[in-house]
Amino acid sequence: MTQDELKALVGQAALKYVPQGEIVGVGTGSTVDKFIDALASMKDAIRGAVSSSSASTARLKALGIPVFDANDVDELAVYIDGADEIDNRGYMIKGGGAALTREKIVAAQSRRIVCIADESKLVGVLGRFPLPVEVIPMAAHRLMRQFAAMGGNAQLRMREGQPLLTDNGLQILDVTGLTLSEPLRFENEVNQWPGVVTVGVFAHQKAAVCLLGTSQGVRTMTF
Ligand code: 5RP
(Lines give C-alpha, C1' and ligand atoms only; values in the text may rest on other atoms or scores of the structure.)
Protein backbone atom coordinates (compact mmCIF):
# COMPACT_ATOMS: atom_id res chain seq x y z
CA MET A 1 0.00 0.00 0.00
CA THR A 2 1.22 3.52 -0.73
CA GLN A 3 1.58 6.12 2.02
CA ASP A 4 -1.42 7.92 0.54
CA GLU A 5 -3.52 4.74 0.78
CA LEU A 6 -2.41 4.23 4.40
CA LYS A 7 -3.49 7.79 5.20
CA ALA A 8 -6.89 7.18 3.58
CA LEU A 9 -7.24 3.94 5.57
CA VAL A 10 -6.72 5.62 8.96
CA GLY A 11 -8.78 8.64 7.92
CA GLN A 12 -11.71 6.30 7.30
CA ALA A 13 -11.03 4.27 10.48
CA ALA A 14 -11.22 7.43 12.60
CA LEU A 15 -14.92 7.84 11.82
CA LYS A 16 -15.83 5.30 14.49
CA TYR A 17 -14.37 7.66 17.14
CA VAL A 18 -16.71 10.49 16.10
CA PRO A 19 -19.81 10.49 18.31
CA GLN A 20 -23.15 11.18 16.63
CA GLY A 21 -24.68 14.59 17.30
CA GLU A 22 -21.39 16.12 18.46
CA ILE A 23 -18.94 18.76 17.31
CA VAL A 24 -15.60 17.17 16.44
CA GLY A 25 -12.14 18.75 16.77
CA VAL A 26 -10.26 18.54 13.48
CA GLY A 27 -6.49 18.78 13.01
CA THR A 28 -4.41 19.67 9.97
CA GLY A 29 -2.34 17.90 7.32
CA SER A 30 -2.54 15.40 4.50
CA THR A 31 -3.77 12.57 6.76
CA VAL A 32 -6.45 14.80 8.26
CA ASP A 33 -7.49 15.79 4.73
CA LYS A 34 -8.39 12.12 4.20
CA PHE A 35 -10.31 12.14 7.48
CA ILE A 36 -12.23 15.28 6.45
CA ASP A 37 -13.14 13.65 3.14
CA ALA A 38 -14.42 10.60 5.04
CA LEU A 39 -16.24 12.79 7.57
CA ALA A 40 -18.33 14.25 4.75
CA SER A 41 -20.05 10.86 4.49
CA MET A 42 -21.50 11.36 8.00
CA LYS A 43 -21.94 15.13 8.00
CA ASP A 44 -25.67 14.85 8.68
CA ALA A 45 -24.95 12.82 11.83
CA ILE A 46 -22.71 15.47 13.47
CA ARG A 47 -23.26 19.12 14.38
CA GLY A 48 -19.99 20.24 12.84
CA ALA A 49 -16.33 20.81 13.59
CA VAL A 50 -13.85 23.07 15.35
CA SER A 51 -10.88 23.43 13.05
CA SER A 52 -7.18 23.91 13.78
CA SER A 53 -6.21 25.79 10.61
CA SER A 54 -7.48 27.89 7.75
CA ALA A 55 -6.62 25.00 5.39
CA SER A 56 -8.79 22.51 7.29
CA THR A 57 -11.56 25.10 7.68
CA ALA A 58 -11.64 25.63 3.92
CA ARG A 59 -11.80 21.88 3.26
CA LEU A 60 -14.53 21.30 5.86
CA LYS A 61 -16.65 24.13 4.50
CA ALA A 62 -16.18 23.02 0.89
CA LEU A 63 -17.66 19.66 1.89
CA GLY A 64 -20.63 21.29 3.66
CA ILE A 65 -19.47 20.61 7.24
CA PRO A 66 -20.27 23.56 9.55
CA VAL A 67 -17.21 25.05 11.30
CA PHE A 68 -17.62 26.55 14.79
CA ASP A 69 -15.39 29.07 16.54
CA ALA A 70 -13.58 27.39 19.45
CA ASN A 71 -14.88 30.13 21.76
CA ASP A 72 -18.49 29.31 20.92
CA VAL A 73 -18.36 25.69 22.09
CA ASP A 74 -17.48 23.98 25.35
CA GLU A 75 -15.49 20.79 25.71
CA LEU A 76 -15.24 18.62 22.59
CA ALA A 77 -15.67 14.85 22.83
CA VAL A 78 -12.82 14.07 20.46
CA TYR A 79 -9.96 15.65 18.55
CA ILE A 80 -8.65 13.85 15.47
CA ASP A 81 -5.25 14.84 14.11
CA GLY A 82 -2.11 13.55 12.43
CA ALA A 83 1.44 13.67 13.76
CA ASP A 84 4.98 14.05 12.48
CA GLU A 85 6.18 11.53 15.06
CA ILE A 86 4.46 9.49 17.76
CA ASP A 87 6.16 7.26 20.32
CA ASN A 88 4.84 4.20 22.11
CA ARG A 89 3.56 6.34 25.01
CA GLY A 90 1.37 8.53 22.77
CA TYR A 91 3.71 11.55 22.94
CA MET A 92 3.92 13.37 19.62
CA ILE A 93 5.84 15.90 17.59
CA LYS A 94 3.49 18.06 15.53
CA GLY A 95 3.68 21.25 13.51
CA GLY A 96 5.09 20.10 10.19
CA GLY A 97 2.15 21.95 8.66
CA ALA A 98 2.79 25.02 10.88
CA ALA A 99 -0.59 24.64 12.64
CA LEU A 100 0.78 23.52 16.02
CA THR A 101 -0.60 26.34 18.16
CA ARG A 102 -4.20 25.99 17.02
CA GLU A 103 -3.81 22.21 17.07
CA LYS A 104 -2.73 22.31 20.71
CA ILE A 105 -5.59 24.67 21.58
CA VAL A 106 -8.23 22.39 20.05
CA ALA A 107 -6.54 19.31 21.54
CA ALA A 108 -6.64 20.95 24.99
CA GLN A 109 -10.36 21.58 24.53
CA SER A 110 -11.03 17.90 23.83
CA ARG A 111 -11.62 14.96 26.15
CA ARG A 112 -9.89 12.44 23.89
CA ILE A 113 -7.11 12.87 21.34
CA VAL A 114 -7.02 10.37 18.49
CA CYS A 115 -3.89 10.37 16.33
CA ILE A 116 -4.09 9.09 12.76
CA ALA A 117 -0.80 8.30 11.07
CA ASP A 118 0.94 5.95 8.71
CA GLU A 119 3.50 3.59 10.22
CA SER A 120 6.47 5.76 9.18
CA LYS A 121 5.50 8.14 12.02
CA LEU A 122 6.00 5.63 14.85
CA VAL A 123 9.38 6.12 16.57
CA GLY A 124 11.17 4.78 19.64
CA VAL A 125 12.26 8.22 20.84
CA LEU A 126 10.98 11.58 19.55
CA GLY A 127 13.44 13.90 17.85
CA ARG A 128 14.37 12.69 14.40
CA PHE A 129 11.76 14.99 12.82
CA PRO A 130 12.85 18.65 13.12
CA LEU A 131 10.91 20.02 16.09
CA PRO A 132 8.62 22.93 15.10
CA VAL A 133 8.35 25.82 17.55
CA GLU A 134 6.03 28.79 16.90
CA VAL A 135 7.67 32.00 18.09
CA ILE A 136 7.17 35.74 18.37
CA PRO A 137 9.39 37.14 15.56
CA MET A 138 11.38 39.56 17.78
CA ALA A 139 12.53 36.60 19.91
CA ALA A 140 13.57 34.32 17.02
CA HIS A 141 17.34 34.85 17.10
CA ARG A 142 17.63 34.66 20.89
CA LEU A 143 15.58 31.45 20.88
CA MET A 144 17.86 30.01 18.18
CA ARG A 145 20.80 30.63 20.53
CA GLN A 146 18.93 29.03 23.43
CA PHE A 147 18.30 25.88 21.38
CA ALA A 148 21.98 25.86 20.33
CA ALA A 149 22.96 25.98 24.02
CA MET A 150 21.01 22.75 24.60
CA GLY A 151 22.66 21.04 21.61
CA GLY A 152 20.05 21.80 18.95
CA ASN A 153 20.22 23.59 15.63
CA ALA A 154 17.24 25.89 15.01
CA GLN A 155 16.44 27.22 11.56
CA LEU A 156 13.79 29.77 10.67
CA ARG A 157 11.22 28.11 8.38
CA MET A 158 11.17 29.90 5.03
CA ARG A 159 8.75 29.96 2.15
CA GLU A 160 9.59 31.56 -1.21
CA GLY A 161 12.57 33.41 0.27
CA GLN A 162 10.63 34.91 3.20
CA PRO A 163 10.05 33.67 6.76
CA LEU A 164 6.90 31.56 6.70
CA LEU A 165 4.05 33.17 8.61
CA THR A 166 1.57 30.97 10.46
CA ASP A 167 -2.20 31.47 10.60
CA ASN A 168 -1.39 33.56 13.69
CA GLY A 169 1.05 35.81 11.78
CA LEU A 170 4.02 34.34 13.68
CA GLN A 171 7.20 32.44 12.69
CA ILE A 172 8.34 28.83 12.99
CA LEU A 173 11.72 27.55 14.12
CA ASP A 174 12.57 23.96 13.12
CA VAL A 175 15.02 22.43 15.57
CA THR A 176 17.22 19.42 14.74
CA GLY A 177 19.72 17.54 16.88
CA LEU A 178 17.53 17.03 19.96
CA THR A 179 16.60 13.68 21.50
CA LEU A 180 13.34 14.08 23.38
CA SER A 181 13.43 11.17 25.81
CA GLU A 182 11.53 13.18 28.45
CA PRO A 183 8.84 14.96 26.42
CA LEU A 184 6.86 16.29 29.40
CA ARG A 185 9.91 17.86 31.00
CA PHE A 186 11.07 19.29 27.68
CA GLU A 187 7.64 20.78 26.91
CA ASN A 188 7.46 22.35 30.38
CA GLU A 189 10.90 23.90 30.03
CA VAL A 190 10.66 25.32 26.51
CA ASN A 191 7.10 26.58 27.06
CA GLN A 192 8.34 29.07 29.61
CA TRP A 193 11.05 30.63 27.41
CA PRO A 194 9.94 34.21 26.62
CA GLY A 195 8.88 34.45 22.98
CA VAL A 196 7.87 30.80 22.61
CA VAL A 197 4.19 30.59 21.73
CA THR A 198 3.97 26.83 21.30
CA VAL A 199 6.51 24.03 21.23
CA GLY A 200 5.58 21.19 18.89
CA VAL A 201 5.97 18.51 21.57
CA PHE A 202 2.51 17.25 22.47
CA ALA A 203 3.14 15.68 25.87
CA HIS A 204 0.43 17.33 27.98
CA GLN A 205 -1.90 16.94 24.99
CA LYS A 206 -0.76 13.42 24.10
CA ALA A 207 -2.75 10.88 22.13
CA ALA A 208 -5.13 8.55 23.95
CA VAL A 209 -5.43 6.41 20.83
CA CYS A 210 -3.32 6.06 17.70
CA LEU A 211 -4.71 4.52 14.53
CA LEU A 212 -1.58 3.49 12.67
CA GLY A 213 -1.81 2.59 9.01
CA THR A 214 0.32 -0.48 8.24
CA SER A 215 0.55 -2.77 5.24
CA GLN A 216 -1.34 -5.34 7.37
CA GLY A 217 -4.18 -2.87 8.05
CA VAL A 218 -5.02 -0.45 10.84
CA ARG A 219 -3.17 -1.07 14.11
CA THR A 220 -4.93 0.50 17.12
CA MET A 221 -2.63 1.63 19.92
CA THR A 222 -4.06 2.90 23.20
CA PHE A 223 -2.06 4.76 25.80
C1 5RP B 1 0.39 20.08 11.06
C2 5RP B 1 0.64 18.81 11.78
C3 5RP B 1 0.31 17.55 11.05
O4 5RP B 1 -0.56 16.80 11.83
C5 5RP B 1 1.56 16.78 10.81
O6 5RP B 1 2.48 17.62 10.13
C7 5RP B 1 1.31 15.52 10.00
O8 5RP B 1 0.94 15.87 8.71
P9 5RP B 1 0.69 14.80 7.57
O10 5RP B 1 -0.56 14.07 7.92
O11 5RP B 1 0.56 15.63 6.32
O12 5RP B 1 1.89 13.89 7.53
O13 5RP B 1 1.09 18.76 12.88
O14 5RP B 1 0.85 21.19 11.78
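All conditions in (1) near the ligand (Cβ under 9 Å from one of its atoms); (2) under 17 Å from Glu187 (Cα atoms) hold for Gly82, with the sole exception of (2).
Looking at the stretch 34-79, which of its residues are hydroxyl-bearing (Ser, Thr, Tyr) and within 18 Å of Gln20 (Cβ to Cβ)?
Within the stretch 34-79, Ser41, Tyr79 qualify.
Just one residue in the set Ser110, Ser120 is among the polar types (S, T, N, Q), crowded, with 17+ Cβ neighbours inside 10 Å and under 28 Å from Leu9 (Cβ atoms); that residue is Ser110.
Inside the stretch 118-155, residues that are of a type in the set (Lys, Arg), farther than 16 Å from Leu100 by Cβ and touching a residue at least 24 places away in the same chain (Cβ under 8 Å) make up a count of 2.
To keep it simple, each residue is scored yes or no on (1) touching a residue at least 24 places away in the same chain (Cβ under 8 Å); (2) touching an Asp or Glu at 6+ places or on another chain (Cβ under 7 Å).
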| residue | (1), (2) |
| --- | --- |
| Arg157 | yes, yes |
| Gly161 | no, no |
| Val175 | yes, no |
| Gly195 | yes, no |
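With respect to the conditions (1) surrounded by fewer than 23 Cβ atoms within 10 Å (Cβ to Cβ); (2) within 15 Å of the ligand (Cβ to nearest atom); (3) among the small types (Gly, Ala, Ser), Gly95 falls short on a single one, namely (1).
Quick check on Glu85: is it of a type outside the set (S, T, N, Q), surrounded by fewer than 20 Cβ atoms within 10 Å (Cβ to Cβ) and modelled with pLDDT of 95 or more? So Glu85 does not fit the description; no. From the list Ala117, Ala207, Ala148, the one residue that fits, being among the hydrophobic types (A, V, I, L, M, F, W, C), at pLDDT 95 or above and part of a loop (DSSP other than H, G, I, E, B), is Ala207.
On inspection, Leu165 fails the criterion of being more than 16 Å from the ligand (Cβ to nearest atom), part of a loop (DSSP other than H, G, I, E, B) and of a type outside the set (Ser, Thr, Tyr).
The values are calculated or read from the model by the stated rules, or taken from the named source; none is laboratory data. This structure is a prediction, so every number in the text was calculated from the model and none was measured. In this analysis, Cβ positions are derived from the backbone assuming ideal geometry, glycine residues included, and neighbour counts consider all displayed protein chains.
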